[in-house]
Each structure stands twice: as C-alpha cells, then as structure tokens.
Amino acid sequence: MLSSLKKKKYILDIKKIINESSSLVVLNYNNISSNDLNEFRKKLRKNKSFVLVINNNLFKISILDTKLYFLKKFFSGSIIICYTKKKYGLLSKILYKSFSKYNKKFLLKAVCIKKKLISFDIYKKLSFLFNKKKSLEYLIFYLKNISIIKILRILLFIKNIRS
C-alpha cells in the first residue's frame, strides 16, 4: 500500500505527464500476457513513447484538474495508458502494428491528441501517415471531400427554397 504522501506525489507526477503529452491512448489489456505486455512496453520505449499501468481510481483523481477530465468515463477494467510527448503519429503506427501482432487483444478505449478526443477511424488513418507528404495528401483529400459535401448541401438548400 502506498502512503498518502506517496500517493499525492504519484498523482502530481501523473498530472505532469498528462500535461506534457501530445498523444494519450487508453487501452484495455485483459487478454495480453505479461511477457507480451513487457515486449510492447519495450517497443514503445525505443520509440520515445511510454506506458503507464495505473490504478483506475488514482488516474481518475490525477485528471480532475486537467483538460482530459472527460476521459474519466473510459476507466474501467484493466487499462494501460500509452503516451508520447513528441510525435503522435509514431505512437499510432506502433499501436496499429501491435494490434495486428496480438490479434486485436488490446481494446482501444479512447484516443486523445493535443488534449482532444478523436475518433478511432481518424486514429487508424493517422497510423498510415508516415511522413509530411502523405499527411498533406490526406489533408487535401479530406478538405476536398468536405468542400464538395458542403457545396451539395448548399445547392440542395437553394433548390428547396420556394420563391
């Protein structure tokens, strides 16, 4: 058992990590063996990404005064927190490769990039963006699709207006 002073220090350390991270992923790891989990941690550490295995209640307390308070609802079961301080795309690539290696035994619960919750589809697409050129190509494609959809909605609206 941790003493209350150690818990307070631990919570402050976690808050510091949360505030400095550029990407944070909450995973459920019920079906992963400890050897596989250690291998996963080593792979992340090599790429300047890290894993926190933490008690759910301590993590809930540590996010109370942060911008990530909305993550509280994702803390149930056996969870680990993966985070990186620099390139969030690198973390997504490692996680995507790990999901395929462990036959999807990890359950992705939540993904935050730059302190904002993002959808799993976008996160999956991020794992394929290997460099700036690919990222810009995807962005341009995405913006074109959004623009076309907005133009169609405006045209439909104009068509339905009765003079």
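Figure legend. Inter-residue proximity from the range 45-56: first residues outside the structural domain of ASN30 (by TED's automatic domain parsing), second residues surrounded by 14 or more Cβ atoms within 10 Å (Cβ to Cβ), beta-carbon distance below 9 Å, spacing 6+ or different chains. No pairs are indicated. Among the residues of the range 103-122, just one is modelled with pLDDT under 70 and either surrounded by 14 or more Cβ atoms within 10 Å (Cβ to Cβ) or in contact with a His (Cβ under 7 Å, 6 or more places away or on another chain) (or both), namely LYS105. Just so you know, in the range 11-43 the residues that are assigned to a loop (DSSP other than H, G, I, E, B) and small (Gly, Ala, Ser) include one that is surrounded by the fewest Cβ atoms within 10 Å (Cβ to Cβ), and it is SER33.
Answer yes if at least one residue in the range 44-61 is under 16 Å from the mean Cα position of the chain (by Cα), modelled with pLDDT of 75 or more, farther than 17 Å from SER22 by Cβ and not in a strand (DSSP E or B), and no otherwise. Scanning the range 44-61 turns up at least one residue that is under 16 Å from the mean Cα position of the chain (by Cα), modelled with pLDDT of 75 or more, farther than 17 Å from SER22 by Cβ and not in a strand (DSSP E or B).
Condition check ((1) surrounded by 14 or more Cβ atoms within 10 Å (Cβ to Cβ); (2) touching a Phe, Trp or Tyr at 6+ places or on another chain (Cβ under 8 Å)) across all residues:
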residue: LYS48; (1), (2): no, no
residue: VAL51; (1), (2): yes, yes
residue: SER78; (1), (2): no, yes
residue: THR84; (1), (2): yes, yes
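The values are calculated or read from the model by the stated rules, or taken from the named source; none is laboratory data. These numbers come from a predicted model, not from an experiment. So basically every Cβ, Gly included, is an ideal-geometry build from the backbone, and we count neighbours across all protein chains shown.
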